Amino acid sequence: MNTVNLLKTIAEARSSLRKSEQKVADYVLAQPNDIIHMRIVDLASEAQVSEPTVVRFCRALNYDGFQDFKLTLAQVLATNPNYEPFSLNKKDTISDFKQKIFDSTVGNLINIKEMLDEQTLESAIEALARASRIEFYGFGASAAVCTDAQHKFYRLRVSAVACSDPHLQSICAVSLSEGDVVVAISQTGRTKDLLHSAKLAKENGATVIALCPSDTPLAEVANIPIHIDLEEDKDLSALMSSRVVHLVVIDVLAVGLAMKLGPGVVDHLKTIRRSLRSLRQNEKRPLIKKS
């Protein structure tokens, strides 16, 4: 079981538990920090259930017993404190919402890191390494991710284009062929124009990689869906976190591609750095007065 998402797993599994086991789940979700200091008899008393019910609750979550469950819970609380989706309050100070934004984003990054399937990433990197042309499609906040991806991949001497106009996407998609790759990026996985472009690209022989939630139309269309399942509360928290997570996943793909392309890429990146020096102002060093 994914330990980072233990509390989320309990919340999602609650409806499938027996009513008595739901009482245990409710207490654990309400007071997770107290559980790690409890004996089984203490939890049973607080949740107003029997000790065998606590054991059944733990086994329903695929743990051997209460001690096994408690150990995992302690690890979760030690490594993932307070990283929950945030909600803003009009009384929040700058310190308050700064903390909320950073904690929520870090929590989402940790969760997605644990969820990402390494075989899927390997398949995506292999497809990118073989591609003769790579195009990044996205709208809104995802368009900015596409532009960043184009910048990263172009540095690797890869023919890459970012496209966020629906008409141009359609034109590009029908111009693709076998050996080309489209990376479609979407927070919802349900944008109609993006789905249309992805289908056109696939029909013309291109491989479609999608960064989107699982169980969405875009995930079904994609040859290689990379599932990005964030807590979808449709607020500012989800919008900001999805963009940051997508950027990091693009970084993973770019690094994987660079490793596939070999040492020649490193030499090319050094050449790029040298070529950019003339565009930067020289650092002014403080004068050292002689004594």
Worksheet item: Of all residues in the stretch 144-179, how many are over 25 Å from the mean Cα position of the chain (by Cα) and open to solvent by 70 Å² or more (accessible area, probe 1.4 Å)?
Response: 7
Worksheet item: Just for strands (runs of 3 or more DSSP E) wholly inside the stretch 143-236: which have at least 3 residues that are free of Cβ contacts under 8 Å to residues at least 60 places away in the same chain?
Response: 160-163, 180-185, 207-212
Discussion item. Condition (residue is modelled with pLDDT of 90 or more, of a type in the set (Lys, Arg) and more than 30 Å from Val249 (Cα to Cα)) applied to the stretch 35-50: is it met by at least one residue?
Written reply: yes
Fill in: Test set (1) part of a helix (DSSP H, G or I); (2) free of Cβ contacts under 8 Å to residues at least 40 places away in the same chain - Phe57 fails condition number
(2)
Worksheet item: Here are some conditions: (1) closer than 22 Å to Asn111 by Cα; (2) open to solvent by less than 10 Å² (accessible area, probe 1.4 Å); (3) modelled with pLDDT of 95 or more; (4) among the aliphatic types (A, V, I, L, M). Ala238 meets all but one. Which one does it not meet?
Response: (3)
Fill in: the stretch 88-115, residues that are of a type in the set (A, V, I, L, M, F, W, C), in contact (Cβ under 8 Å) with a residue 24 or more places away in the chain and either in a helix (DSSP H, G or I) or surrounded by 15 or more Cβ atoms within 10 Å (Cβ to Cβ) (or both)
Ile101, Leu109, Ile110, Ile112, Met115
Discussion item. Just to check your reading of the model, which residue among Asp215, Asp267, Asp229, Asp233 is under 15 Å from the mean Cα position of the chain (by Cα) and either open to solvent by 30 Å² or more (accessible area, probe 1.4 Å) or at pLDDT below 75 (or both)?
Written reply: Asp229
Discussion item. I need a count of the residues in the stretch 3-41 that are open to solvent by 50 Å² or more (accessible area, probe 1.4 Å) and either more than 22 Å from the chain's Cα centre (by Cα) or within 16 Å of Gln67 (Cβ to Cβ) (or both).
Written reply: 17
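The values are calculated or read from the model by the stated rules, or taken from the named source; none is laboratory data. These numbers come from a predicted model, not from an experiment. Neighbour counts are summed over all protein chains in view; Cβ atoms, including those assigned to glycine, are modelled from backbone coordinates with ideal geometry. Accessible surface areas use protein heavy atoms only, side chains included; no ligands, DNA or RNA. Shrake-Rupley method; radii C 1.70, N 1.55, O 1.52, S 1.80 Å.
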